[in-house]
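I have placed the structure first, in the form of structure tokens, so that the comments after it can refer back to it.
The values are calculated or read from the model by the stated rules, or taken from the named source; none is laboratory data. Nothing here was measured: the structure is a model prediction, and the numbers come from that model. When we count neighbours, we look across all protein chains shown, and the Cβ atoms used for this are built from the backbone with ideal geometry, even at glycine.
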């Protein structure tokens, strides 16, 4: 077992920055090719006219999840050393709601706003400026909200530990949800397209 | 089934593959990460309470004098501390290397550090990995210095205590220390690099597992 590579001393802090840079390039490329530099495609998710974001995200989740699971099973990855943050359930739900509102209003999430800015879109740049302002405002107001920020801690928790099931069961359930969601998303897109076509016919007639 | 798969488009084939992998994952369960261990807490608690997990310094001194070498004595301190002075027959291995080393089954190990804390922690980790025959030198190096190298006879001691002290004087002399009486005891004398009165036995044949770094992001 020799990965995560960083945790096994295969490279140090300086080289990890280079790797992060290369991964960032690949990630930005993938997002842009997936159309996520365009606010209309992102916001359309929430009007169910284009379910691209949902389908791409779940494809990525399932691919990474199956990859990590089987690499761990093969003894190549130590899952216990893969980093993830602690869970603070209520603040994180509230943060997710705020992010969701921002995504619908602005049409971007933080990563896609950077992609959009990199391709020269003004709205992406303005959204990014808003992010920096938001971070600054958060930092300045943190003493006022720190109690809430650290409330309802659940520690370092994973779904298998939370539900008392094996990793394999969670993998299976997530795959079923993803495949079901994918089929459902395509059905919704078709229905919305039909409805949109029917509405256009009414307008023309 | 034979006709179904070729008739699927690429997206459907990928979905079928993901479902197949998900089903297999459900049967695999949780991948073994080779790091989780099962602890029998009641057995550990019993060993601690009964005192069967410790070796007294006087017993160890006795074994060394008699040339009894059916154990591995491990010094968990830093290399610098080890080179300044160490208990004869000991080997300097850091706690992380002790855990990573594949010891022979049932090899008797005695751990010591400056006091008891590091040795106790390493003892617990070795026990958790399944090593049965591991002990802590009670009191560590501090106890060795106080009771073996520099034993002290209090001013108003009984005859029995004085007789024991005479034995302790000989033991202290054997290991290069010297006994002190209550009236002559001042500060702990500077411990010079002492020559070991016995030859160190050859290093233990062990395999070392590949070390890994545990760090947060």
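Taking region B:18-47 on its own, how many of its residues are more than 9 Å from every other protein chain (Cβ to nearest Cβ) and either out of contact with any helix residue (DSSP H, G or I) (no Cβ under 9 Å at 6 or more places or on another chain) or at pLDDT below 70 (or both)? Walk me through it before giving the result.
Initially, region B:18-47 is screened for residues more than 9 Å from every other protein chain (Cβ to nearest Cβ), giving B:20, B:37-47.
Going one step further and asking which of them are either out of contact with any helix residue (DSSP H, G or I) (no Cβ under 9 Å at 6 or more places or on another chain) or at pLDDT below 70 (or both), we end up with B:20, B:37-42, B:45-46.
So the count comes out to 9.
Could you say whether any residue in region A:119-132 is touching a strand residue (DSSP E or B) at 6+ places or on another chain (Cβ under 7 Å), in contact (Cβ under 8 Å) with a residue 24 or more places away in the chain and under 17 Å from residue A:95 (Cα atoms)?
no
Return only the number of the condition from (1) within 12 Å of the chain's Cα centre (by Cα); (2) facing chain B (nearest Cβ under 9 Å) that residue A:55 does not satisfy.
With (1) within 12 Å of the chain's Cα centre (by Cα); (2) facing chain B (nearest Cβ under 9 Å) applied to residue A:55, the lone miss is (2).
Would you pick out the residues in region A:146-157 that are within 16 Å of residue A:96 (Cβ to Cβ) and out of contact with any strand residue (DSSP E or B) (no Cβ under 8 Å at 6 or more places or on another chain)?
Residue satisfying the conditions is A:148 alone.
Quick check on residue A:40: is it more than 14 Å from the chain's Cα centre (by Cα), farther than 28 Å from residue A:150 by Cβ, away from chain B (no Cβ under 14 Å) and without any contact (Cβ under 8 Å) to a residue 24 or more places away in the chain? Write out each step before concluding.
Working: more than 14 Å from the chain's Cα centre (by Cα): yes; farther than 28 Å from residue A:150 by Cβ: yes; away from chain B (no Cβ under 14 Å): yes; without any contact (Cβ under 8 Å) to a residue 24 or more places away in the chain: no.
Spelling it out, it is not the case that residue A:40 is more than 14 Å from the chain's Cα centre (by Cα), farther than 28 Å from residue A:150 by Cβ, away from chain B (no Cβ under 14 Å) and without any contact (Cβ under 8 Å) to a residue 24 or more places away in the chain.
Quick check: is even one residue across region A:52-68 in contact with a strand residue (DSSP E or B) (Cβ under 7 Å, 6 or more places away or on another chain) and modelled with pLDDT of 90 or more?
If we filter region A:52-68 for residues that are in contact with a strand residue (DSSP E or B) (Cβ under 7 Å, 6 or more places away or on another chain), which is where we start, we get A:68.
Pick out the ones that are also modelled with pLDDT of 90 or more and you get A:68.
Yes, the conditions are met somewhere in region A:52-68.
Residue under question is residue B:67, and the condition is that it be surrounded by 12 or more Cβ atoms within 10 Å (Cβ to Cβ), over 30 Å from residue A:172 (Cα atoms) and away from chain A (no Cβ under 14 Å); does it hold?
On the way: surrounded by 12 or more Cβ atoms within 10 Å (Cβ to Cβ): no; over 30 Å from residue A:172 (Cα atoms): yes; away from chain A (no Cβ under 14 Å): yes.
Criteria not met by residue B:67.
Among the candidates A:114, A:176, A:122, A:135, single out the residue that is under 20 Å from the mean Cα position of the chain (by Cα) and loosely packed, with under 12 Cβ neighbours inside 10 Å. Working first, answer last.
Working: A:114 fails: loosely packed, with under 12 Cβ neighbours inside 10 Å; A:176 fails: loosely packed, with under 12 Cβ neighbours inside 10 Å; A:122 fails: under 20 Å from the mean Cα position of the chain (by Cα).
The match here is A:135.
Of everything in region A:70-99, what is under 13 Å from residue A:4 (Cα atoms) and either crowded, with 19+ Cβ neighbours inside 10 Å or within 8 Å of another protein chain (Cβ to nearest Cβ) (or both)? Give them in sequence order.
Residues satisfying the conditions are A:72, A:75, A:77, A:78, A:79, A:80, A:81, A:83.
Return only the number of the condition from (1) in contact with a helix residue (DSSP H, G or I) (Cβ under 6 Å, 6 or more places away or on another chain); (2) in contact (Cβ under 8 Å) with a residue 60 or more places away in the chain that residue B:151 does not satisfy.
If we test residue B:151 against (1) in contact with a helix residue (DSSP H, G or I) (Cβ under 6 Å, 6 or more places away or on another chain); (2) in contact (Cβ under 8 Å) with a residue 60 or more places away in the chain, just (2) comes out false.
Taking residue A:24 and the conditions (1) within 30 Å of residue A:166 (Cα to Cα); (2) at pLDDT 90 or above, which numbered condition does it fall short on, given that it satisfies the others?
The number of the failed condition is (1).
List the residue pairs whose Cβ atoms are under 7 Å apart, where the first residue sits in region B:3-15 and is at pLDDT 80 or above, the second is surrounded by 12 or more Cβ atoms within 10 Å (Cβ to Cβ), and the two are 6 or more positions apart or on different chains.
As it stands, the answer is B:8/B:16; B:15/A:179; B:15/A:182, since those pairs meet every condition given.
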